[in-house]
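Working notes, structure below.
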Amino acid sequence: MRSYTARHNKIYPLKNRSVMVCAVLLGGALAGCGQMGMQVGTDDLKTPTVLTGSIPSAADVAYSDLSPEDRLAIAANLDALNADLERGSNLDGLSLPWLNAVSGNSGTVSEVSSSAFPQTGCLTFKTTANTIAGIKLYSGTACRDITQNFAVTALAVADA
């Protein structure tokens with residue numbers, strides 16, 4: 001009668017050290033992709049620290065406070081100036097209220113400057129914005145698009 005014995009698997013040591021070095025380097029490189037920070041002097045591991053980021057700018061604030069629909073409401077009110085712009089009327093002292101019924105944000109467009117309009121088709125303006133974040137003053141630029149309607153192309157928090 002024949003007896004069968006179980007085979008024992010042998011673990012062969014790595015004969016090629018370059019394979020082992022590559023594995024260690026790859027593991028080290030991938031470990032750098034996942035970082036965890038901990039505040040010094042505390043044992044709070046649940047609150048992550050900011051590992052990357054950028055310095056916020058006034059344009060970032062305007063982008064987060066005013067939605068694209070708010071910008072459309074501002075541009076729609078500037079479209080009401082088309083007849084005045086064609087006649088070359090003076091826009092000094094003009095103020096246009098705007099309202100976004102969906103978000104509830106509102107404000108007033110003022111200090112509209114059409115000095116660059118004949119060359120570029122763009123207006124500069126200031127607007128207040130009453131948002132959930134508060135009331136802020138923004139300066140912006142609106143230019144005509146291909147349909148000859150205004151579109152807000154730049155908006156940033158203005159110095160009060």
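The values are calculated or read from the model by the stated rules, or taken from the named source; none is laboratory data. Just so it is clear, the model here is predicted, and its values are computed rather than measured. For neighbour counting, all protein chains shown are included, and Cβ atoms are generated from backbone atoms with ideal geometry for every residue, glycine included.
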Taking region 143-152 as the region of interest, how many residues are loosely packed, with under 15 Cβ neighbours inside 10 Å and either in a strand (DSSP E or B) or hydrophobic (A, V, I, L, M, F, W, C) (or both)? 1
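Conditions (1) at pLDDT below 85; (2) of a type outside the set (Gly, Ala, Ser); (3) farther than 19 Å from Arg144 by Cα, marked per residue:
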| residue | (1), (2), (3) |
| --- | --- |
| Ile55 | yes, yes, yes |
| Ala62 | yes, no, yes |
| Ala73 | no, no, no |
| Ala76 | no, no, no |
| Ala80 | no, no, no |
| Gly107 | no, no, yes |
| Glu111 | no, yes, no |
| Gln119 | no, yes, no |
| Cys122 | no, yes, no |
Of all the strands (runs of 3 or more DSSP E) wholly in region 67-142, which have at least 2 residues that are hydroxyl-bearing (Ser, Thr, Tyr) and out of contact with any Lys or Arg (no Cβ under 7 Å at 6 or more places or on another chain)? 106-113, 122-131
Hey, does region 101-109 have a residue that's buried (at least 16 other Cβ atoms within 10 Å of the Cβ), of a type in the set (A, V, I, L, M, F, W, C) and in contact (Cβ under 8 Å) with a residue 60 or more places away in the chain? no
Give the residue, chosen from Val102, Val50, that is over 19 Å from Val157 (Cα atoms) and modelled with pLDDT of 85 or more. Val102
